[in-house]
Structure formats: structure tokens, C-alpha cells
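**Q** Structure provided below as C-alpha cells; questions to follow.
The values are calculated or read from the model by the stated rules, or taken from the named source; none is laboratory data. Nothing here was measured: the structure is a model prediction, and the numbers come from that model. Glycine also receives a Cβ, built like all others from the backbone with ideal geometry; neighbour counts cover every protein chain displayed.
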Amino acid sequence: MALLLHILRYKFLSFFKTTFDLRAVSLVRGIGSLIVFGGFGLVAYVASYELTLFIMEKTRIGLFLYHRFISMMLFVFFMAVNMGNIIVSYATLYRSAEVIFFFTKPVTFTQIFLLKFLDNFLYSSTTLFLVAFMVLLGYGTYFGYPWYSFLGILLCVLVPFMFLSACLAVLVLMSVMKVASQWGFRKILVLIGSVYASLVFLFFRFTNPIRLVNQVSQYYPEVDQYFSQFDPGFLSYLPNNWVADVLFFFAKGEWEMALPFAATLLAVTAGMFGLVLFVAHRFYYRSWLVTFEVQASSNSVEAGRRMKLFDFRKNSLLPPQLEAVVKKDYFQFFREPSQWIHLLLMLVLVIVFVLSIRNLNLGLRITNVQALTYLVLYAFGVFLSCSLALRFVFPAISLEGKSFWSQLSAPLDVWKLFLLKFVISLFFILTLAVLVAVASNLPFVRLTERRPLLMYFGLYSAFWVSVALVALNLGFGGYFSNFQEKNPIRLASSQGATLTFLVSLIYLVTLIVVVSAPLLKYFESLFLFLPFDFRMIVVPGTIFGMISTAIIGFSVMIGLRSLQRDF
Amino acid sequence: MIELINVTKKFGSFTAVDNISLTVPKGEFFGFLGPNGAGKTTTIKMMAGLFTPTAGTIKLCGFDTATQPNEAKMRTSYVPDQPFLYDKLTGREFMYFMGGLYKMEKKLIQERVEMMIEHFEIGDWVDKRTEDYSQGMRQRTTIAAALIHEPEIIIIDEPMVGLDPRSAKIVRETLKRKSEEGVVVFMSTHSLPVAEELCDRIGIINKGRLVFVGTQSDLAAYKTRYDGKFESVFLELTK
């Protein structure tokens with residue numbers, strides 16, 4: 001224990017010395033971060049409060065339905081934290097140089113595991129805690145939660161919820177590493193990916209939000225009751241439901257009813273943590289050794305000599321410089337497991353989402369409900385682009401690493417390099433954005449009896465959002481570049497990345513504000529047979545383009561300047 | 001040919017390179033020496049285009065690195081002090097990558113890569129990803145990749161670090177032969193014997209200033225003032 005505290009002391013010292021650097025440049029950067037973080041916190045608080053107000057007082061769907069929607073969002077959140085942790089843990093527990101350093105010192109494997117696990121959890125979850133707390137604050141303010149309950153819910157509900165997800169992630173990871181040497185790494189990953197995709201798909205299939213809305217609506221206006229009889233049986237075993245039920249009973253003012261759910265969550269989390277430590281004690285070192293076998297088997301001379309797709313030896317139609325950089329980026333990406341696995345998982349989630357919503361039966365012709373549904377789907381689409389851009393575009397310049405000398409000392413214009421990264425990233429982000437936009441607009445095109453206006457808006461938005469987010473993440477990624485860090489996930493969760501993500505989310509909220517009023521008018525015109533002035537589309541569309549153009553211009557400028565800095 | 005005209009580099013209030021002027025003609029093997037932190041790598045990075053000089057002009061083959069950087073870089077090759085390679089590429093792929101950056105035809109790259117593999121004796125592992133290479137393997141691959149486009153100027157920072165005796169011999173002989181073929185070799189090193197053996201002219205930098213520039217005969221004359229050893233001259237000049 002003393003040894004663990006000794007190591008933690010120096011880790012904290014290192015963290016504080018780098019975080020609270022008193023040089024003028026760092027201070028300015030710190031104040032800038034504080035303003036953006038503070039602003040974002042405020043936006044999250046206001047958005048959460050206003051959304052709760054809108055749902056409870058305008059749509060009047062009632063407490064139970066609202067908290068079941070929260071439960072669904074928490075399920076997605078749980079899965080996202082879980083998958084993120086699997087990938088980050090692989091890098092920190094199995095590929096980190098610090099682990100090798102500790103292995104040569106008299107520190108037990110379990111202690112090393114514990115250090116890296118906590119390091120990983122705290123490093124990757126700090127921003128999520130900030131966001132979750134501010135959202136909770138906005139939500140709780142509406143329901144008049146007492147002040148002390150916010151901290152209680154954060155520490156006893158939200159933190160254990162995320163910690164449980166992280167524990168489950170390392171258990172899955174250690175199991176993967178344990179069997180990878182026998183079954184093959186890729187097969188196991190495909191299997192795990194399929195299981196996760198099936199879980200998400202089955203969850204939404206069995207919870208069926210539309211059926212739930214119909215069932216609860218029959219009791220209108222008494223819709224604040226606890227309708228757990230409509231829940232499928234398995235839901236009571238899921239942690240997202242425990243959290244949603246705690247919030248539900250707090251919102252009703254029946255906090256004593258919330259205690260069993262909170263206690264269950266705490267007990268399960270503690271038990272899971274104990275299990276993680278036990279498994280780590282037995283298998284961590286052995287599974288760590290497996291990574292060497294996996295690496296050795298994938299890096300043989302024979303494998304290197306085989307002619308591959310996009311092989312450097314093959315002729316290409318591209319000019320030599322372009323060909324060299326594109327092929328280099330391709331191999332650097334697809335030979336790094338933490339890159340392609342994460343991409344694969346995200347693609348699977350996108351496909352599940354697209355398949356789930358393309359045949360969504362919207363049913364109700366109620367203006368507010370449909371406008372809200374549209375906005376939620378729209379926000380999800382943009383949020384997905386934000387996440388993809390942050391994860392894959394932001395680290396693109398930093399990942400050049402110390403080897404960047406080879407390009408910077410070559411006769412290659414930096415703007416060409418920037419443009420190339422921009423075009424490759426845009427192709428990927430725009431394709432997915434268009435796919436999501438088409439899928440999420442199809443049910444509305446059916447609802448509006450084949451009027452294509454919303455589809456056009458979706459595609460217009462997908463274009464601007466993709467260009468703006470790629471520019472933002474590439475530009476800011478260059479400005480906050482860290483050529484020392486090789487781990488893309490750590491880069492995507494660094495302070496600079498967090499700031500970039502917050503700016504992206506502010507952009508997202510601004511877009512929603514810009515489009516919400518004309519959208520509401522459009523649905524009113526459809527369902528209430530009111531006239532719709534098409535100028536209402538032109539103005540927000542223009543504002544949309546102007547905001548995006550400003551972001552693109554500023555981001556490209558700082559990105560290009562960052563490439564001209566001393567290396 | 002290399003021309004440095006009143007070149008200065010400052011990092012905030014710290015002056016790393018202080019008003020250096022130097023000319024290295026075609027075919028000369030120039031040794032650049034100095035203690036740690038004297039400004040060798042900073043000077044070299046400015047020549048390679050990785051740092052922008054605070055003041056002064058650098059010309060490579062007559063091209064100003066500030067106004068015609070690509071023309072200057074096209075004729076130059078830089079080998080850094082730490083041989084960082086893209087770790088997911090094999091050594092062969094890295095050489096092809098470098099050839100592409102210098103706009104070479106595929107057929108020519110192929111010929112030169114085979115030539116380099118044979119010359120630097122790297123055939124046994126050139127098709128493995130560089131993430132598993134030792135320091136020496138990385139160093140040899142970096143130097144081989146740097147010579148792919150047959151540069152007119154080679155700027156090389158500490159080339160002997162991490163090389164085994166056989167590899168060091170190959171590198172020494174290659175650089176000497178290149179210089180005899182008319183290529184300018186600008187080499188920074190901590191090894192005084194290597195500098196004495198290879199260089200036509202030697203420059204010593206200390207605290208950002210050039211404190212000695214001279215040929216081997218100038219150096220010999222200087223050495224007689226001390227105990228006849230280059231080491232004593234170096235220690236005296238960099239005190």
C-alpha cells in the first residue's frame with residue numbers, strides 16, 4: 001500500500017506540474033480553457049433545464065416516459081463508455097512503456113494493473129463527469145432537488161455507473177487477451193463486436209419506445225405514475241435502469257424509494273471491482289505476455305514481403321508525393337489495432353442506428369412530439385459526427401509523431417499536407433453523415449407524405465457540419481499537437497481535444513437553436529394545415545452556412561500556422 | 001553548396017545560435033562539432049527547414065530556404081540525430097515513402113531501394129515493421145532512405161550513435177565516397193576521431209557562436225599550441 005501511495009504521489013506531482021504551469025503562454029491557454037469549459041458547463045446546464053422544461057410542460061409525456069428515455073440514453077452512454085474503455089485500456093494496460101518500466105521494479109502485477117486502470121478511468125472520464133454533472137444540475141434544478149442531493153447523485157450514482165462500465169470493459173479485455181493466442185485476435189474481436197452490436201439492437205427492439213408511449217398514453221393525464229409493469233423483465237437487471245429509477249423517484253420527491261436502486265448499483269459496482277482485481281491478480285501478467293505473441297505473429301518478414309492492397313511497390317495513378325502520403329497514412333491506420341478496431345465498432349453502431357431508425361414508425365401527428373423527435377435524431381447525427389471527428393481527425397497531425405521530420409524536411413508544401421488530411425477525413429465523415437442523414441430523414445419523408453424538404457435540409461446540414469467539424473478538428477488538432485504521444489485515444493481525450501469537443505458541441509447547440517423554430521413551424525403547417533413561408537428556411541440556412549464558414553476559415557488558418565511552427 | 005549568412009535563432013530570450021556565417025563548397029566534407037547544447041542541432045534543423053531562423057539567410061545549392069524552400073529541399077537530404085521512423089511501415093516501405101516525397105519515378109525508387117538494401121546490408125529485416133527495429137537498424141534505414149534521391153547536400157546529425165562497428169564503417173565509407181563524388185556532407189558529431197578521419201574542414205560551435213572553422217592543416221597548426229591532441233584543442237575552445 002505504501003508503495004502504491006508513493007507512486008501515486010509522484011503521478012499527482014507530475015500531473016499538477018504539467019497542468020498548473022505558470023508560464024505566460026500556459027496561463028493564457030489555461031484561462032482560455034476555463035472560459036470555454038465554464039461556457040460549456042453553462043450551456044449544458046441551460047440546455048438540460050430547458051429540455052426538461054420543454055418535455056415536462058410542452059410535450060407532457062410524464063415523469064415515467066421521460067425517465068425511460070433517460071434510461072435509453074444511459075444505456076447508449078454505458079455502452080459507449082464501455083467500448084471506449086476497452087480500447088483505451090488495451091493501450092494503457094498492454095502497450096504502455098510505463099507498464100514495462102514498472103515490471104522491472106518491485107511492484108506487483110495487481111498494483112500495476114490497479115494504477116493503470118485508475119489512471120485510465122480518471123483520464124478518460126473527467127470531461128464526461130463535468131458534462132454529466134452540469135446536465136444533472138440543469139435537470140435537478142427543474143425538479144427542485146435539494147442542493148446536497150446533486151453531489152450525492154454524482155458520487156453515489158453517476159460515478160459508480162461509469163466505474164461499473166469501466167470494470168466490465170477491462171474484464172472483457174482481459175478475457176479477449178486470454179483467449180486471443182488460441183483463437184486468434186481478429187476472430188475474437190469480430191465476435192465481441194457482433195455481441196455488442198446485437199446487444200444494442202436487441203435492447204431497442206425489446207424496449208420499443210413507440211409501444212411504451214402508446215401504453216402510457218392510455219393513462220393520460222395520470223402519466224407520472226411508476227409504470228414498471230410495461231417494462232420488459234430484463235430491464236430491471238440493467239444499471240442504466242437503476243440510475244433512471246433513482247432519478248425518477250428523486251423527481252417525484254420519494255427519495256426513500258430511490259435508495260434500493262442506488263444501493264443495488266453501489267453493491268454491484270463494488271462486487272464487479274472486486275472481481276476485476278481478482279481476475280487481474282490471476283491473469284493480467286499472463287495476458288500481457290500474449291500481446292508479444294500477437295505482435296510477433298503479425299510482424300514477420302514473410303508477411304512484410306507479401307504484395308498487399310495499396311502496396312508501395314505497385315504503380316499508382318496518383319502523383320508520387322500524394323501516393324506516398326496516402327499509402328503511409330493507410331498502413332499507419334490499418335496496422336494499428338486501436339485505430340481500426342475503434343473504427344469498426346463505431347461503424348457497427350452507426351449501422352445499428354441506421355437500421356433501427358430507417359423504418360421508425362412515428363405514428364403520432366403531434367407537432368411538438370414530432371419536432372422534438374426530429375431534433376433528437378438530428379442532434380444524434382451531428383453528435384455522432386462530432387465524436388467521429390474528435391476520435392479520428394483530431395489526432396491525425398499529432399500521430400505523425402517524431403517521424404514527421406521526414407515530411408517537413410521534404411519538398412512538400414504544408415498546405416498540401418493539410419489539404420490531403422482534410423480531404424481524406426472529409427470523405428469518411430461526410431459519407432457517414434450523409435448515411436445517417438438519409439436514414440434519419442426517411443421516416444419523416446414518409447410521415448410528410450413524400451415531401452422531400454426535410455431530406456434536403458438533412459443533406460445540406462450533413463455537408464456543412466462535416467466540412468466544419470473536419471476543419472475544426474484538424475485545425476485544432478494541429479494547434480494542440482503533441483508529437484510525443486503515440487496513443488490516438490489519449491490524444492482524443494487530451495485537454496486540447498476536450499476543448500475542441502466542447503466547441504463542437506457549442507456548434508451543435510447553436511445549429512439546433514437555429515433550426516428549431518422553422519422546424520416547429522414546418523410541422524405545424526403539416527399537421528394543423530397552416531401556411532408555411534419558405535423564407536423561414538432560407539434565413540436559418542444562410543445563418544447555418546455563415547457559422548460553418550467562420551469555423552472552417554478560423555480552423556484552417558490555425559491548422560496551417562501550426563504546421564509552420566518549429567518542429 | 002551551403003551558405004549561412006548571419007544566421008540567428010532565439011527561443012524567447014535564449015539565443016541558441018548567434019549570428020553564424022559559414023560557406024561549405026561543393027564536394028566538401030564538413031564536420032560540425034560542439035559540446036551538448038552548443039547549437040549544433042538547432043543549426044542543422046534550420047538548414048533542414050524544421051526551424052525558422054530568427055534572423056539571417058540560409059542558402060542550399062543557391063536556393064534561399066525561406067523563399068524557395070522546396071527547391072532547396074529537393075536537392076538536400078537530412079538525417080536526424082534520433083532515427084524516428086513510422087513504426088507501422090517496414091524499412092522497405094519507408095524508403096519507398098521517402099522516394100515518393102522527392103517525386104521519384106517508381107522504377108527508379110525500386111532500383112535505388114534494392115541498391116541501398118544491398119549496400120547497407122539490411123535485407124534480413126527490411127521487410128519487418130520498424131516498430132521492432134533496434135537503434136542501429138533504424139539508423140541504417142534512415143540513412144539509406146536519405147540517400148534514395150541522390151541529394152547534392154547531405155545534412156546529417158550524429159550519424160554514428162547506436163551503430164555497431166561494421167555498420168559505422170559502412171556509413172563512414174558511404175559518406176566519404178559521396179563527398180568525393182561532389183556531394184556536400186555537413187555532419188555533426190561528438191566523435192573527434194571520426195571528424196579528424198573524415199572531414200575536410202571542421203567547425204566548432206560553442207554557446208551558439210562559431211569559435212573555430214578550419215581545414216585539417218589549420219587544425220594541425222592549432223594542435224601544436226597544446227599537446228598535439230585534437231581533444232585538448234576542443235576542450236580549450238569550448239571552455
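**Q** Yes or no: region A:419-428 includes at least one residue that is over 27 Å from A:Ile210 (Cα atoms), surrounded by fewer than 20 Cβ atoms within 10 Å (Cβ to Cβ) and within 14 Å of chain B (Cβ to nearest Cβ).
**A** Among the residues of region A:419-428, at least one is over 27 Å from A:Ile210 (Cα atoms), surrounded by fewer than 20 Cβ atoms within 10 Å (Cβ to Cβ) and within 14 Å of chain B (Cβ to nearest Cβ), which makes the answer yes.
**Q** Has region A:259-272 got at least one residue that is touching a residue at least 60 places away in the same chain (Cβ under 8 Å) and of a type in the set (Phe, Trp, Tyr)?
**A** Within region A:259-272 (the criterion being touching a residue at least 60 places away in the same chain (Cβ under 8 Å) and of a type in the set (Phe, Trp, Tyr)), the answer is no, since none of the residues qualifies.
**Q** Report yes if some residue within region B:105-112 is at pLDDT 95 or above and touching a Leu at 6+ places or on another chain (Cβ under 9 Å); otherwise report no.
**A** For region B:105-112, residues at pLDDT 95 or above and touching a Leu at 6+ places or on another chain (Cβ under 9 Å): present.
**Q** To continue, here is another question. For the structure I just gave you, tell me whether A:Phe523 is over 19 Å from A:Ala433 (Cβ atoms) and within 14 Å of chain B (Cβ to nearest Cβ).
**A** No: the conditions fail for A:Phe523.
**Q** Right, something else. With A:Phe234, A:Phe227 as the choices, which residue is aromatic (Phe, Trp, Tyr) and either closer than 24 Å to A:Met56 by Cα or outside the structural domain of A:Glu57 (by TED's automatic domain parsing) (or both)?
**A** Answer to the check: A:Phe227.
**Q** Find all pairs meeting these conditions: Cβ atoms under 9 angstrom apart; at least six residues apart or on different chains; first residue within region B:64-78 and at the interface with chain A (Cβ under 8 Å from one of its Cβ atoms) and without any contact (Cβ under 8 Å) to a residue 24 or more places away in the chain; second residue part of a helix (DSSP H, G or I) and among the acidic types (Asp, Glu).
**A** Sorted first by the residue in region B:64-78, then by its partner, the list stays empty.
**Q** Could you tell me which of the residues A:Leu34, A:Leu74, A:Leu22 is part of a helix (DSSP H, G or I), surrounded by fewer than 18 Cβ atoms within 10 Å (Cβ to Cβ) and not small (Gly, Ala, Ser)?
**A** A:Leu34
**Q** Follow-up. Quick check on A:Ser124: is it closer than 30 Å to A:Leu212 by Cβ and of a type in the set (Gly, Ala, Ser)?
**A** no
**Q** Quick test of your reading of the structure: B:Lys45 fulfils all but one of (1) within 20 Å of A:Gly401 (Cβ to Cβ); (2) more than 9 Å from chain A (Cβ to nearest Cβ); (3) outside any loop (DSSP other than H, G, I, E, B). Name the failing condition by number.
**A** (2)
**Q** Would you say A:Trp405 is surrounded by fewer than 21 Cβ atoms within 10 Å (Cβ to Cβ), at pLDDT 85 or above, among the aromatic types (Phe, Trp, Tyr) and outside any loop (DSSP other than H, G, I, E, B)?
**A** So A:Trp405 fails the test.
**Q** Can you tell me which residue in region A:452-480 is nearest to the chain's Cα centre (by Cα), limited to those that are over 26 Å from A:Leu390 (Cα atoms) and in contact (Cβ under 8 Å) with a residue 24 or more places away in the chain?
**A** A:Leu454
**Q** Further question on the same structure: Looking at A:Leu432, A:Leu420, A:Leu459, A:Leu447, which is the one that is modelled with pLDDT under 90, more than 30 Å from A:Ile31 (Cβ to Cβ) and not small (Gly, Ala, Ser)?
**A** Step by step, each of A:Leu432, A:Leu420, A:Leu459, A:Leu447 is checked, and only A:Leu447 is modelled with pLDDT under 90, more than 30 Å from A:Ile31 (Cβ to Cβ) and not small (Gly, Ala, Ser).
Residue-by-condition table, conditions (1) in a helix (DSSP H, G or I); (2) free of Cβ contacts under 8 Å to residues at least 40 places away in the same chain; (3) more than 15 Å from A:Phe523 (Cα to Cα):
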residue	(1), (2), (3)
A:Leu419	yes, yes, yes
A:Phe422	yes, no, yes
A:Phe427	yes, yes, yes
A:Thr431	yes, yes, yes
A:Val434	yes, yes, yes
A:Val438	yes, yes, yes
A:Asn441	yes, yes, no
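**Q** Anything in region A:190-200 that is crowded, with 17+ Cβ neighbours inside 10 Å and either under 12 Å from A:Leu349 (Cβ atoms) or modelled with pLDDT under 75 (or both)? List them, or say none.
**A** A:Gly193, A:Tyr196, A:Ala197, A:Val200
**Q** Assess whether B:Gly49 counts as being buried (at least 22 other Cβ atoms within 10 Å of the Cβ) and under 21 Å from B:Glu197 (Cβ atoms).
**A** no
Conditions tested, residue by residue: (1) of a type in the set (Phe, Trp, Tyr); (2) over 22 Å from the mean Cα position of the chain (by Cα); (3) at positive phi.
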residue	(1), (2), (3)
A:Met73	no, no, no
A:Val81	no, no, no
A:Tyr90	yes, no, no
A:Arg95	no, yes, no
A:Ser124	no, no, no
A:Leu151	no, yes, no
A:Leu154	no, no, no
A:Met162	no, no, no
A:Leu168	no, no, no
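**Q** Anything in region B:82-141 that is within 21 Å of the chain's Cα centre (by Cα), of a type in the set (S, T, N, Q) and either more than 10 Å from every other protein chain (Cβ to nearest Cβ) or within 20 Å of A:Val301 (Cβ to Cβ) (or both)? List them, or say none.
**A** Listed by number, the residues that qualify are B:Ser134, B:Gln135, B:Gln139, B:Thr141.
**Q** A further question on this structure: Limited to region A:1-21, what total is found for residues that are hydrophobic (A, V, I, L, M, F, W, C) and touching a residue at least 24 places away in the same chain (Cβ under 8 Å)?
**A** 4
**Q** Also, quick follow-up: Which ranges mark the helices (runs of 4 or more DSSP H) fully within region A:268-375 that have 2 or more residues being buried (at least 20 other Cβ atoms within 10 Å of the Cβ) and more than 14 Å from chain B (Cβ to nearest Cβ)?
**A** A:337-358
**Q** Could you tell me whether region A:374-397 includes any residue that is among the hydroxyl-bearing types (Ser, Thr, Tyr) and free of Cβ contacts under 8 Å to residues at least 24 places away in the same chain?
**A** The answer is no, given that none of the residues of region A:374-397 is among the hydroxyl-bearing types (Ser, Thr, Tyr) and free of Cβ contacts under 8 Å to residues at least 24 places away in the same chain.
**Q** I'm checking my understanding of the structure. Among residues of region A:470-498 that are among the hydroxyl-bearing types (Ser, Thr, Tyr) and part of a loop (DSSP other than H, G, I, E, B), which one is nearest to A:Leu419 (Cα to Cα)?
**A** Among residues in region A:470-498 that are among the hydroxyl-bearing types (Ser, Thr, Tyr) and part of a loop (DSSP other than H, G, I, E, B), the one nearest to A:Leu419 (Cα to Cα) is A:Ser481.
**Q** Okay, moving on. Could you identify the single residue in A:Ala80, A:Ala91, A:Ala97 that is modelled with pLDDT under 90 and either assigned by TED's automatic domain parsing to the domain that holds A:Ala497 or closer than 27 Å to A:Leu51 by Cα (or both)?
**A** None of the other options fit; the residue is A:Ala80.
**Q** So which residues in region B:230-239 are surrounded by fewer than 16 Cβ atoms within 10 Å (Cβ to Cβ) and at pLDDT below 85, if there are any at all?
**A** Correct list: B:Glu236, B:Lys239.
**Q** Ok, one more. Identify the residue in region A:56-69 that is in contact (Cβ under 8 Å) with a residue 12 or more places away in the chain and surrounded by fewer than 19 Cβ atoms within 10 Å (Cβ to Cβ) and, among all such residues, is nearest to A:Ser125 (Cα to Cα).
**A** By that ranking, first place goes to A:Phe69.
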